[in-house]
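Encoded as C-alpha coordinates, the structure appears first; notes follow it.
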Amino acid sequence: MPFAASFWKQFAATAALATVMLGSTGCQRLLMGPAKIHEVEERPDQVKDFAVLYGENCAGCHGVEGKNSPAFGMNNPLYYGIADDATIHNWSANGGPGGQMPAFSTMAGGLLTDDQINVIVKGMRQRWAKPAMLVGMALPPYAASHPGDVSHGGQVYAQACASCHGVADANGAVMHPGKAGSITDPTYLSLISNQGLRTITIAGRPDLGQPDYRNDIPGHPLSDTEITDVVAWLSAHRLPEPGNPHPTGNGTELQRRTGQ
Ligand code: HEC
Ligand code: HEC
(Lines give C-alpha, C1' and ligand atoms only; values in the text may rest on other atoms or scores of the structure.)
(Ligands and ions follow the chains in the order given, each with its own letter.)
Protein backbone atom coordinates (compact mmCIF):
# COMPACT_ATOMS: atom_id res chain seq x y z
CA MET A 1 0.00 0.00 0.00
CA PRO A 2 1.41 3.43 -0.84
CA PHE A 3 2.63 5.31 2.19
CA ALA A 4 0.14 8.16 2.05
CA ALA A 5 -2.80 5.80 2.00
CA SER A 6 -1.65 3.91 5.10
CA PHE A 7 -0.95 7.18 6.91
CA TRP A 8 -4.39 8.50 6.11
CA LYS A 9 -6.16 5.28 7.13
CA GLN A 10 -4.44 5.23 10.51
CA PHE A 11 -5.28 8.87 10.95
CA ALA A 12 -8.96 8.39 10.09
CA ALA A 13 -9.18 5.34 12.36
CA THR A 14 -7.78 7.36 15.27
CA ALA A 15 -10.29 10.13 14.71
CA ALA A 16 -13.18 7.65 14.44
CA LEU A 17 -12.13 5.94 17.68
CA ALA A 18 -12.02 9.29 19.48
CA THR A 19 -15.57 10.05 18.28
CA VAL A 20 -16.87 6.66 19.43
CA MET A 21 -15.28 7.10 22.86
CA LEU A 22 -16.70 10.58 23.29
CA GLY A 23 -20.09 9.32 22.11
CA SER A 24 -20.18 6.45 24.59
CA THR A 25 -19.36 8.58 27.64
CA GLY A 26 -22.09 10.96 26.50
CA CYS A 27 -24.59 8.06 26.34
CA GLN A 28 -23.57 6.81 29.77
CA ARG A 29 -24.20 10.24 31.23
CA LEU A 30 -27.66 10.33 29.64
CA LEU A 31 -28.52 6.93 31.14
CA MET A 32 -27.12 7.65 34.58
CA GLY A 33 -28.22 11.22 34.99
CA PRO A 34 -26.08 14.22 35.87
CA ALA A 35 -22.76 13.64 37.68
CA LYS A 36 -23.00 13.97 41.46
CA ILE A 37 -20.44 16.12 43.18
CA HIS A 38 -18.72 13.26 45.03
CA GLU A 39 -18.16 11.41 41.73
CA VAL A 40 -16.06 14.24 40.40
CA GLU A 41 -12.57 13.47 41.60
CA GLU A 42 -10.62 16.22 39.98
CA ARG A 43 -11.52 19.13 37.75
CA PRO A 44 -10.10 18.47 34.28
CA ASP A 45 -7.98 21.62 34.44
CA GLN A 46 -6.42 20.40 37.72
CA VAL A 47 -5.00 17.20 36.23
CA LYS A 48 -1.19 17.49 36.33
CA ASP A 49 -0.15 13.92 35.66
CA PHE A 50 1.97 13.47 32.52
CA ALA A 51 0.70 9.98 31.70
CA VAL A 52 -2.94 11.10 31.89
CA LEU A 53 -2.43 14.36 30.00
CA TYR A 54 -0.25 12.86 27.26
CA GLY A 55 -2.35 9.69 27.07
CA GLU A 56 -5.65 11.52 26.68
CA ASN A 57 -4.52 14.32 24.39
CA CYS A 58 -1.50 13.25 22.37
CA ALA A 59 -1.05 9.47 22.31
CA GLY A 60 -3.76 8.86 19.67
CA CYS A 61 -1.66 10.63 17.03
CA HIS A 62 1.89 10.56 18.49
CA GLY A 63 1.82 7.06 20.00
CA VAL A 64 1.40 5.84 23.58
CA GLU A 65 5.14 5.20 23.77
CA GLY A 66 5.85 8.06 21.34
CA LYS A 67 6.44 5.68 18.43
CA ASN A 68 4.79 3.62 15.67
CA SER A 69 2.29 6.45 15.35
CA PRO A 70 0.63 8.12 12.36
CA ALA A 71 2.08 11.55 13.33
CA PHE A 72 5.75 12.14 14.27
CA GLY A 73 6.98 9.78 17.00
CA MET A 74 7.85 11.98 19.98
CA ASN A 75 10.14 9.28 21.41
CA ASN A 76 13.09 10.52 19.33
CA PRO A 77 16.26 11.75 21.11
CA LEU A 78 17.44 13.83 18.14
CA TYR A 79 14.20 15.80 18.24
CA TYR A 80 14.98 17.15 21.72
CA GLY A 81 18.41 18.20 20.44
CA ILE A 82 16.92 20.48 17.76
CA ALA A 83 13.61 21.65 19.32
CA ASP A 84 13.69 23.66 22.56
CA ASP A 85 10.86 23.70 25.10
CA ALA A 86 9.45 26.99 23.77
CA THR A 87 9.12 25.49 20.28
CA ILE A 88 7.43 22.32 21.52
CA HIS A 89 5.17 24.36 23.81
CA ASN A 90 4.17 26.61 20.95
CA TRP A 91 3.16 23.70 18.69
CA SER A 92 1.21 22.09 21.53
CA ALA A 93 -0.57 25.30 22.51
CA ASN A 94 -1.31 26.74 19.09
CA GLY A 95 -1.18 23.80 16.69
CA GLY A 96 0.72 23.70 13.43
CA PRO A 97 0.68 26.02 10.43
CA GLY A 98 -1.09 23.44 8.20
CA GLY A 99 -3.89 22.77 10.67
CA GLN A 100 -3.27 19.00 11.02
CA MET A 101 -1.91 19.39 14.53
CA PRO A 102 -4.73 20.73 16.75
CA ALA A 103 -4.32 23.67 19.14
CA PHE A 104 -4.60 22.60 22.80
CA SER A 105 -4.28 25.85 24.74
CA THR A 106 -7.45 27.30 26.28
CA MET A 107 -6.31 30.61 24.74
CA ALA A 108 -6.57 29.00 21.29
CA GLY A 109 -9.89 27.24 21.95
CA GLY A 110 -8.41 24.02 23.37
CA LEU A 111 -8.85 22.42 26.81
CA LEU A 112 -5.35 22.52 28.33
CA THR A 113 -3.96 25.23 30.58
CA ASP A 114 -0.45 26.57 30.15
CA ASP A 115 0.65 24.62 33.24
CA GLN A 116 -0.71 21.39 31.81
CA ILE A 117 1.09 21.97 28.51
CA ASN A 118 4.31 22.56 30.50
CA VAL A 119 3.80 19.21 32.26
CA ILE A 120 3.53 17.48 28.86
CA VAL A 121 6.54 19.28 27.35
CA LYS A 122 8.78 18.60 30.37
CA GLY A 123 7.53 15.02 30.67
CA MET A 124 8.28 14.20 27.02
CA ARG A 125 11.81 15.61 27.36
CA GLN A 126 12.38 13.76 30.64
CA ARG A 127 11.36 10.45 29.14
CA TRP A 128 12.62 10.66 25.59
CA ALA A 129 15.58 13.08 25.34
CA LYS A 130 19.09 11.59 25.58
CA PRO A 131 21.41 14.59 25.86
CA ALA A 132 24.48 12.39 26.44
CA MET A 133 23.95 10.76 23.06
CA LEU A 134 24.10 14.14 21.29
CA VAL A 135 27.35 15.44 22.78
CA GLY A 136 29.70 16.58 20.02
CA MET A 137 27.03 16.24 17.31
CA ALA A 138 26.66 19.25 14.99
CA LEU A 139 22.89 19.05 14.60
CA PRO A 140 21.31 21.12 11.80
CA PRO A 141 19.13 24.02 13.02
CA TYR A 142 15.47 23.25 13.78
CA ALA A 143 14.08 25.88 11.38
CA ALA A 144 15.10 26.71 7.81
CA SER A 145 16.70 30.13 7.43
CA HIS A 146 15.71 30.58 3.76
CA PRO A 147 13.01 29.24 1.40
CA GLY A 148 15.39 26.82 -0.34
CA ASP A 149 16.45 26.07 -3.92
CA VAL A 150 13.87 23.72 -5.48
CA SER A 151 16.04 22.61 -8.36
CA HIS A 152 19.03 21.75 -6.14
CA GLY A 153 16.54 20.02 -3.83
CA GLY A 154 15.65 17.69 -6.73
CA GLN A 155 19.33 16.66 -6.91
CA VAL A 156 19.44 16.05 -3.17
CA TYR A 157 16.30 13.91 -3.46
CA ALA A 158 17.93 11.84 -6.24
CA GLN A 159 21.06 11.23 -4.15
CA ALA A 160 19.59 10.89 -0.67
CA CYS A 161 15.96 9.78 -0.89
CA ALA A 162 15.19 8.16 -4.28
CA SER A 163 16.71 4.78 -3.39
CA CYS A 164 13.89 4.22 -0.88
CA HIS A 165 11.14 6.66 -1.96
CA GLY A 166 11.32 6.19 -5.76
CA VAL A 167 13.17 7.86 -8.64
CA ALA A 168 11.75 11.17 -9.95
CA ASP A 169 11.46 11.72 -13.73
CA ALA A 170 12.56 14.90 -15.53
CA ASN A 171 9.30 16.64 -14.50
CA GLY A 172 9.85 15.78 -10.86
CA ALA A 173 7.10 13.14 -10.88
CA VAL A 174 7.70 9.92 -8.94
CA MET A 175 5.79 7.27 -10.89
CA HIS A 176 7.00 4.25 -8.91
CA PRO A 177 7.40 5.02 -5.22
CA GLY A 178 9.96 2.69 -3.74
CA LYS A 179 9.64 0.37 -0.76
CA ALA A 180 9.28 3.28 1.68
CA GLY A 181 6.28 4.77 -0.19
CA SER A 182 5.68 8.15 -1.81
CA ILE A 183 6.57 11.38 -0.04
CA THR A 184 5.61 13.47 -3.08
CA ASP A 185 1.96 12.41 -3.09
CA PRO A 186 -0.09 15.62 -2.74
CA THR A 187 -2.48 13.94 -0.27
CA TYR A 188 0.42 13.08 2.02
CA LEU A 189 1.89 16.57 1.62
CA SER A 190 -1.44 18.18 2.52
CA LEU A 191 -1.17 16.48 5.95
CA ILE A 192 2.23 17.85 6.88
CA SER A 193 3.88 21.27 7.02
CA ASN A 194 7.33 22.12 5.67
CA GLN A 195 8.60 22.18 9.25
CA GLY A 196 7.11 18.71 9.77
CA LEU A 197 9.04 17.45 6.69
CA ARG A 198 12.20 19.16 7.95
CA THR A 199 11.84 17.67 11.41
CA ILE A 200 11.50 14.14 9.98
CA THR A 201 14.38 14.68 7.54
CA ILE A 202 16.68 15.74 10.41
CA ALA A 203 15.51 13.53 13.27
CA GLY A 204 14.31 10.54 11.22
CA ARG A 205 11.64 8.11 12.29
CA PRO A 206 13.63 5.36 13.97
CA ASP A 207 10.33 3.60 14.71
CA LEU A 208 9.50 3.29 10.97
CA GLY A 209 12.95 2.89 9.42
CA GLN A 210 13.30 6.46 8.12
CA PRO A 211 17.00 7.40 8.57
CA ASP A 212 18.03 10.60 10.35
CA TYR A 213 20.06 13.26 8.45
CA ARG A 214 23.34 11.39 9.09
CA ASN A 215 22.31 8.18 7.39
CA ASP A 216 20.49 8.92 4.11
CA ILE A 217 23.84 8.85 2.27
CA PRO A 218 26.45 6.66 3.97
CA GLY A 219 29.33 8.78 5.28
CA HIS A 220 27.73 12.09 4.27
CA PRO A 221 25.45 13.78 6.81
CA LEU A 222 23.02 16.12 5.02
CA SER A 223 23.93 19.81 5.42
CA ASP A 224 21.48 22.50 6.51
CA THR A 225 21.29 23.70 2.88
CA GLU A 226 20.64 20.20 1.52
CA ILE A 227 17.83 19.70 4.04
CA THR A 228 16.28 23.09 3.29
CA ASP A 229 16.46 22.45 -0.47
CA VAL A 230 15.02 18.92 -0.44
CA VAL A 231 12.10 20.16 1.69
CA ALA A 232 11.54 22.99 -0.83
CA TRP A 233 11.49 20.39 -3.64
CA LEU A 234 9.03 18.13 -1.77
CA SER A 235 6.87 21.13 -0.94
CA ALA A 236 6.71 22.13 -4.61
CA HIS A 237 4.68 18.91 -5.18
CA ARG A 238 1.89 20.23 -2.97
CA LEU A 239 -1.27 21.06 -4.86
CA PRO A 240 -3.44 24.03 -3.95
CA GLU A 241 -6.38 21.59 -3.96
CA PRO A 242 -5.31 18.06 -3.07
CA GLY A 243 -7.52 15.53 -4.81
CA ASN A 244 -7.65 17.52 -8.04
CA PRO A 245 -4.68 16.27 -10.03
CA HIS A 246 -4.59 19.04 -12.64
CA PRO A 247 -5.58 22.34 -11.00
CA THR A 248 -3.24 24.44 -13.13
CA GLY A 249 -4.29 23.08 -16.50
CA ASN A 250 -0.95 22.56 -18.18
CA GLY A 251 2.08 20.91 -16.70
CA THR A 252 2.72 19.78 -13.18
CA GLU A 253 2.60 21.92 -10.08
CA LEU A 254 6.37 21.45 -9.83
CA GLN A 255 6.86 22.88 -13.34
CA ARG A 256 4.62 25.82 -12.49
CA ARG A 257 6.50 26.65 -9.28
CA THR A 258 9.98 26.24 -10.70
CA GLY A 259 9.02 28.06 -13.92
CA GLN A 260 10.37 25.18 -16.03
C1 HEC B 1 -5.22 14.66 15.65
C2 HEC B 1 -3.87 14.22 15.73
C3 HEC B 1 -2.92 14.93 16.68
C4 HEC B 1 -3.05 15.09 18.05
C5 HEC B 1 -4.21 14.66 18.93
C6 HEC B 1 -1.84 15.73 18.49
N7 HEC B 1 -1.00 15.96 17.43
FE8 HEC B 1 0.82 16.83 17.51
N9 HEC B 1 0.95 16.71 15.47
C10 HEC B 1 0.04 16.09 14.65
C11 HEC B 1 0.48 16.19 13.27
C12 HEC B 1 -0.23 15.63 12.05
C13 HEC B 1 1.71 16.91 13.30
C14 HEC B 1 2.53 17.35 12.09
C15 HEC B 1 1.86 18.61 11.63
C16 HEC B 1 2.53 19.37 10.57
O17 HEC B 1 3.71 19.19 10.26
O18 HEC B 1 1.81 20.21 10.01
C19 HEC B 1 1.96 17.23 14.70
C20 HEC B 1 3.07 17.93 15.15
C21 HEC B 1 3.40 18.11 16.48
C22 HEC B 1 4.60 18.77 16.96
C23 HEC B 1 5.66 19.41 16.10
C24 HEC B 1 6.75 18.47 15.64
C25 HEC B 1 7.81 19.28 14.92
O26 HEC B 1 7.93 19.13 13.69
O27 HEC B 1 8.51 20.06 15.60
C28 HEC B 1 4.57 18.75 18.32
C29 HEC B 1 5.61 19.31 19.27
C30 HEC B 1 3.34 18.07 18.70
N31 HEC B 1 2.66 17.69 17.57
C32 HEC B 1 2.96 17.84 20.01
C33 HEC B 1 1.71 17.34 20.37
C34 HEC B 1 1.26 17.24 21.75
C35 HEC B 1 2.09 17.62 22.97
C36 HEC B 1 -0.02 16.75 21.70
C37 HEC B 1 -0.97 16.54 22.86
C38 HEC B 1 -1.20 17.67 23.71
C39 HEC B 1 -0.36 16.54 20.29
N40 HEC B 1 0.72 16.91 19.53
C41 HEC B 1 -1.56 16.03 19.82
C42 HEC B 1 -1.12 15.48 15.03
C43 HEC B 1 -1.63 15.48 16.32
C1 HEC C 1 17.09 3.73 3.57
C2 HEC C 1 15.76 4.07 3.07
C3 HEC C 1 15.32 5.52 3.18
C4 HEC C 1 15.95 6.65 2.73
C5 HEC C 1 17.32 6.76 2.04
C6 HEC C 1 15.03 7.75 2.98
N7 HEC C 1 13.88 7.29 3.58
FE8 HEC C 1 12.29 8.40 4.14
N9 HEC C 1 11.37 6.75 4.88
C10 HEC C 1 11.90 5.48 4.86
C11 HEC C 1 10.97 4.57 5.50
C12 HEC C 1 11.15 3.07 5.68
C13 HEC C 1 9.86 5.35 5.91
C14 HEC C 1 8.60 4.88 6.63
C15 HEC C 1 7.57 4.47 5.63
C16 HEC C 1 6.32 3.91 6.26
O17 HEC C 1 6.34 3.47 7.39
O18 HEC C 1 5.28 3.94 5.58
C19 HEC C 1 10.15 6.72 5.49
C20 HEC C 1 9.29 7.78 5.69
C21 HEC C 1 9.58 9.10 5.35
C22 HEC C 1 8.71 10.22 5.59
C23 HEC C 1 7.31 10.15 6.18
C24 HEC C 1 7.36 9.92 7.64
C25 HEC C 1 6.06 10.27 8.32
O26 HEC C 1 5.86 9.73 9.38
O27 HEC C 1 5.28 11.10 7.83
C28 HEC C 1 9.34 11.33 5.13
C29 HEC C 1 8.84 12.77 5.14
C30 HEC C 1 10.61 10.90 4.58
N31 HEC C 1 10.72 9.53 4.74
C32 HEC C 1 11.51 11.75 4.01
C33 HEC C 1 12.73 11.34 3.46
C34 HEC C 1 13.66 12.24 2.81
C35 HEC C 1 13.43 13.73 2.62
C36 HEC C 1 14.71 11.49 2.42
C37 HEC C 1 15.96 11.96 1.74
C38 HEC C 1 16.66 13.08 2.32
C39 HEC C 1 14.44 10.11 2.83
N40 HEC C 1 13.23 10.06 3.44
C41 HEC C 1 15.30 9.05 2.64
C42 HEC C 1 13.10 5.09 4.30
C43 HEC C 1 14.03 5.94 3.72
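Residue-wise test of (1) surrounded by fewer than 19 Cβ atoms within 10 Å (Cβ to Cβ); (2) closer than 21 Å to SER223 by Cβ; (3) in contact with a Pro (Cβ under 7 Å, 6 or more places away or on another chain).
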| site | (1), (2), (3) |
| --- | --- |
| PRO141 | yes, yes, no |
| PRO147 | yes, yes, no |
| ALA160 | no, yes, no |
| HIS165 | no, yes, yes |
| ALA170 | yes, no, no |
| THR184 | no, no, no |
| ILE200 | no, yes, no |
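For the range 163-185, a residue qualifies if it is more than 8 Å from ligand 2 (Cβ to nearest atom) and either hydrophobic (A, V, I, L, M, F, W, C) or in contact (Cβ under 8 Å) with a residue 60 or more places away in the chain (or both), and the qualifying residues are VAL167, ALA168, ALA170, ASN171, GLY172, ALA173, VAL174, MET175, PRO177, SER182, ASP185. When the residues of the range 103-116 are filtered to those that are touching a residue at least 24 places away in the same chain (Cβ under 8 Å) and open to solvent by less than 60 Å² (accessible area, probe 1.4 Å), the one that is nearest to LEU197 (Cα to Cα) is PHE104.
Listed here are the residues, each with its yes/no results for (1) in a loop (DSSP other than H, G, I, E, B); (2) over 20 Å from the mean Cα position of the chain (by Cα).
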position: PRO97; (1), (2): yes, no
position: GLN100; (1), (2): yes, no
position: GLY110; (1), (2): yes, no
position: MET124; (1), (2): no, no
position: ALA132; (1), (2): no, yes
position: MET137; (1), (2): yes, yes
position: PRO141; (1), (2): yes, no
position: SER145; (1), (2): yes, no
position: GLY153; (1), (2): no, yes
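Among the residues of the range 54-61, is there at least one that is within 8 Å of ligand 1 (Cβ to nearest atom), within 23 Å of PRO141 (Cβ to Cβ) and either touching a residue at least 12 places away in the same chain (Cβ under 8 Å) or crowded, with 20+ Cβ neighbours inside 10 Å (or both)? No, the conditions are met nowhere in the range 54-61.
Within the range 206-221, the set of residues being closer than 21 Å to ALA168 by Cβ, within 15 Å of ligand 1 (Cβ to nearest atom) and either within 14 Å of the chain's Cα centre (by Cα) or surrounded by fewer than 20 Cβ atoms within 10 Å (Cβ to Cβ) (or both) comprises GLN210 only. Evaluation of TYR188 against the conditions (1) in a helix (DSSP H, G or I); (2) at pLDDT 95 or above; (3) within 16 Å of ligand 1 (Cβ to nearest atom) shows that the sole unmet condition is (2).
Here is a yes/no grid of residues against (1) within 30 Å of THR225 (Cα to Cα); (2) crowded, with 19+ Cβ neighbours inside 10 Å; (3) within 16 Å of ligand 2 (Cβ to nearest atom):
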site	(1), (2), (3)
GLY98	yes, no, yes
MET101	yes, yes, yes
GLN126	no, no, no
LEU134	yes, no, no
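The values are calculated or read from the model by the stated rules, or taken from the named source; none is laboratory data. What you see is a predicted model, and the numbers here were worked out from it, not measured in a lab. For neighbour counting, all protein chains shown are included, and Cβ atoms are generated from backbone atoms with ideal geometry for every residue, glycine included. To get the accessible areas, we keep the full protein, side chains included, count just its heavy atoms, and leave off ligands, DNA and RNA. Shrake-Rupley method; radii C 1.70, N 1.55, O 1.52, S 1.80 Å.
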